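Working notes, structure below.
What follows draws every value from the coordinates through simple rules; no lab data is involved. Keep in mind the model is a prediction, meaning the values are calculated, not measured. Positions of Cβ are backbone-derived with ideal geometry, glycine not excepted, and every protein chain shown enters the neighbour counts.
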Amino acid sequence: MRKFFVAAIAGLMVSQAAASITVDGTVDASYGSPLAVQTVQTQFGDATDPAGFGNGGELDAAYGKVWNGRLYVMVTGNVEKNFNKLHLFIDSKAGGENVLSGLPNYDGGRSQNFGGLGFDTGFEADYHVFGRWGGGNFEVDVVDRAGGTCTTNCGGDFGQGAGGGIQSGSILGNGGGTTSFLSTPATFGFNNTNIAGVTGGTNALSVAEQAAAAAVTTGFEFSIALADIGNPAIGSTILVHAAYGNGDNNYHSNQILGGLPGPQGNLGGNGSGGFTGNLAGINFNQYGGSQYFRIPVQAEIPEPATLVMAGLAVAGLVGLRRRAK
Ligand SMILES: [Ca+2]
Ligand SMILES: [Ca+2]
Ligand SMILES: [Ca+2]
C-alpha cells in the first residue's frame with residue numbers, strides 16, 4: 001500500500017519536472033519529440049565555432065508546446081552573425097495571408113520583399129517573428145500582420161539580448177512610441193553554440209544525418225501569450241513556418257521547416273536560387289510536403305506548484321489512512 005503511494009508521488013514529481021519550459025535557447029524535455037526535422041544540408045554555411053560566433057546558418061529541427069497559456073516554439077540550429085534572419089510565421093487564428101502582401105511595412109521597408117511569397121495551401125499567416133544579429137545583440141521583432149491591412153506605423157514589438165553566443169531577451173513595445181499589441185512580454189532565448197547537426201551542401205539528408213539534426217539541442221526559442229495570437233481554442237492546431245534567409249528578405253536559403261525535399265539548393269528569390277530583388281517567386285506548394293509544422297493546443301498542463309500540492313495532499317491522505325488503521 002505504502003509502496004504504491006510512494007510510487008504515485010514519485011510519478012507526480014516526474015510530471016512536475018516534465019511540465020517546465022525555460023526560454024533559454026536549449027530544448028527542454030517537456031517539448032517531447034521534434035515536430036519537424038531538417039531534410040537537406042544547408043547552403044548558407046555550416047557553423048563550426050563552439051563559442052557561438054561561427055559563420056553559417058542552419059535549421060536542424062523544430063519543437064513546440066502550448067503550456068500555461070503560452071505558445072513555446074524552439075528551432076534548433078544557428079543564425080549567422082551577419083544580419084541573416086530566422087523567420088517564424090505563425091498561423092494561429094482564422095483568416096490571414098496564404099500569399100503574403102507587401103504590407104504591413106516594417107523592418108525598414110524590408111518586410112515588403114516578402115510580398116508575393118506563397119505558403120502551402122491551408123497555411124494563412126497571422127504573425128511574423130524574426131531574429132538576427134550583426135552587432136553583439138541578438139534582436140527579435142514580433143509583428144501582427146493583421147492580414148496585410150496595417151498601412152502605417154506597423155513597426156511591431158521589439159526586444160534584444162545582451163550579446164554573446166548565448167543570450168536571451170524580452171519583447172514588448174517597439175521603442176519608437178508605438179503602442180504594443182502584446183498584453184505581456186514575448187520572450188526569446190538564443191544559443192548559437194551548435195557545431196553538429198546538418199553539414200554544408202544541397203544533398204538530401206540520410207536517415208543518420210536526420211538523426212544528427214534531431215539531436216541538436218540549441219538554437220532559437222520563443223514564447224508568446226495565447227491571448228496575443230488570437231486565443232486559439234483547446235483542440236485547435238497552431239501552424240508555424242520557419243525559414244532562414246538573408247538580411248534584406250530577398251534571398252532565402254534552403255533551410256525551411258518543415259523541410260524541402262532534397263536535393264535542394266537555396267531558394268533565392270525565384271525559388272531556384274536566382275536573385276530577383278524580392279521573394280515573390282517562392283511558392284511552397286511547388287515543393288513536396290508541408291513547409292510548416294503543427295502544434296496542438298491542448299488542455300492546460302497543471303503548473304508545477306499544483307502538482308506539488310497534489311502530491312502533498314496524497315501524502316497527507318496516506319498518513320490519515322495509516323493512522324486510522
Ligand atoms: Ca529551453
Ligand atoms: Ca490564420
Ligand atoms: Ca509544400
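Tabulated data for the structure shown
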read-out	value
For segment 22-301, convex hull volume per residue from C-alpha positions, Å³	109 Å³
Cα Rg over Rh - segment 206-269, Kirkwood	1.05
Modelled label reach - S183, point 7 Å along Cα→Cβ, segment 227-241 residues with backbone N closer than 20 Å	227-239
Long-range HN-HN contacts of L117 with modeled amide H, under 5 Å	L100
Gain on full stretching of the segment that runs from N98 to T26 - 0.36 nm per residue minus C-alpha separation	22.8 nm
Cα-projected label distance for A227 with A299, points at 7 Å along beta-carbon direction, nm	2.3 nm
Net charge over other residues, Cβ less than 14 angstrom from the Cβ of Y244 (K, R count +1; D, E count -1)	-2
Label-point gap, in nm, between A51 and Q286 - each point 7 angstrom along Cα→Cβ	4.2 nm
